[in-house]
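In what follows, a structure is listed as structure tokens, so that the remarks can point back to it.
FYI, it's all coordinate maths here, none of it is from the lab. Please read these numbers as outputs of a predicted model, since none were measured by experiment. We place every Cβ from the backbone using ideal geometry, glycine too, and count neighbours over all the protein chains shown.
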Amino acid sequence: MDIAKELLAGNRLALSRAITAIENEYEEATDIMKEIYPHTGHAYVLGITGPPGAGKSTLTDKIARAYRSQGKTVGIIAVDPTSPFTGGAILGDRIRMNGLTLDEGVFIRSMGTRGSLGGLSHKTADAVKAMDAFGKDIIIVETVGVGQSEVDIVKAADTTVVVLIPGMGDDIQAIKAGILEIGDVFCVNKADHDGADKLVRELNMMLDLDANTMMTSDETKKALQDQFHHLSAAIMAPTTGWRPSIDKVVANQNEGIDVLLESIHKHRVHIEGDGELSWRRTKRTRDEMLDILESSIGRYVKNKIVATGRLDGYVKQIKHHETDPYSVVGELLQEMLK
Ligand SMILES: Nc1nc2c(ncn2[C@@H]2O[C@H](COP(=O)(O)OP(=O)(O)OP(=O)(O)O)[C@@H](O)[C@H]2O)c(=O)[nH]1
Ligand SMILES: [Mg+2]
């Protein structure tokens, strides 16, 4: 089967195979990406992240249904960076999203680390592109946790929803730094539990008072814009005045979903209007390009040196302190990139 062609023609099996190729780094994945790339850039990508058990899958299911009722097609990628196997995640998410799997307008896929956390965000981004080229209007990336790995993963998102639940106590302090940075919309889920209003108040306070965080992100943005300034005016635009919204939701009872969707929509309109979306996507493209460059050059040089059979000799020399890895790499690079 010509996977790329079939995928572009709307064959679900081809989409599934493409993502498997991406996930397992099969050689054909590169050719598939090349062929589908011109057909990407149409989908809107939603990131949903938050601590384990916060109700992300339940919420994803409800959000997907809401978009479906608007006539939009939906792709869902459930990423679990904590698990080397996707089996558990697949099972749990499948059960929670039971009705959805029967809907032709929805495509659900789980992705795990398959042993190496490195590259998971890159693979997720490529899987998003596969669903985008396939023609999904909205792509939802659900990822568990509150660490760096999901921060990287949600970089693929245009709007990021951070899901929190009442009763997390001091945990919120611990996770706040990373979370305030990435949340465009905050969802206080399980609002049927005590403490939802308290959590909303705390979040409001953090967002208002933590000028530091805001400054960092604005500064980071500025620094990046400076690097970009020669590229185009479009990416100079941002430094947005977006104040993340905080919505109370009871996902398992489908309560508050409309309001949450409205917040997501407002954020979308906001970043489309002031150039931020274009800027985010430009930055993403740049990061991706450098990522591919780095890994390709690395692989090329590594393969070459292994092929010359000199690797073991170098290792021995380094081990005997006759030289050091930095000098060896420096010499090799000079020699190979001449
Ligand atoms: N009381 C209550 N329970 C909820 C709500 N939303 C989800 N749940 C329940 O919370 C549990 C966890 O929900 P999931 O959707 O699996 O949470 P998750 O964040 O995807 O979990 P992981 O992917 O394992 O991190 C399930 O038993 C849900 O039924 C809610 O609003 N209120
Ligand atoms: Mg889940």
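Taking 7 Å steps out from each Cα toward its Cβ at residue 295 and residue 268 produces label points 2.9 nm apart. Report the calculated FRET efficiency for residue 70 and residue 6 (r = Cβ-Cβ distance, R0 = 25 Å), to the nearest 0.05. In this case the efficiency is close to 0.35. Distance between the pseudo-spin-label points of residue 16 and residue 242 (7 Å out from Cα toward the beta carbon): 3.4 nm. Sorted on the mean count of surrounding Cβ atoms within 10 Å across their residues, most packed first, peptides 57-68, 296-307 read 57-68, 296-307. Once both labels are positioned 7 Å from their Cα atoms along Cα-to-Cβ, the gap between residue 259 and residue 181 label points is 3.0 nm. With bins 10 Å wide beginning at 0, the percent of Cα pairs of segment 275-338 falling in each bin runs 18, 36, 21, 15, 9, 2.
Under a 5 Å amide H cut-off, with hydrogens placed 1.01 Å from N, residue 191 pairs with 249, 250, 251 among residues at least 5 apart or on other chains. Legend: residue pairs 129/302; 5/283; 5/123; 248/283; 5/34; 56/136, Cα-Cα distance threshold 22 Å; pairs beyond threshold, 129/302; 5/283; 248/283.
With the charge dipole of segment 15-79 set up from +1 on Lys and Arg Cβ and -1 on Asp and Glu Cβ about the Cα centre, the Cα lying farthest toward the positive end among the listed residues 32, 42, 54 is that of 54.
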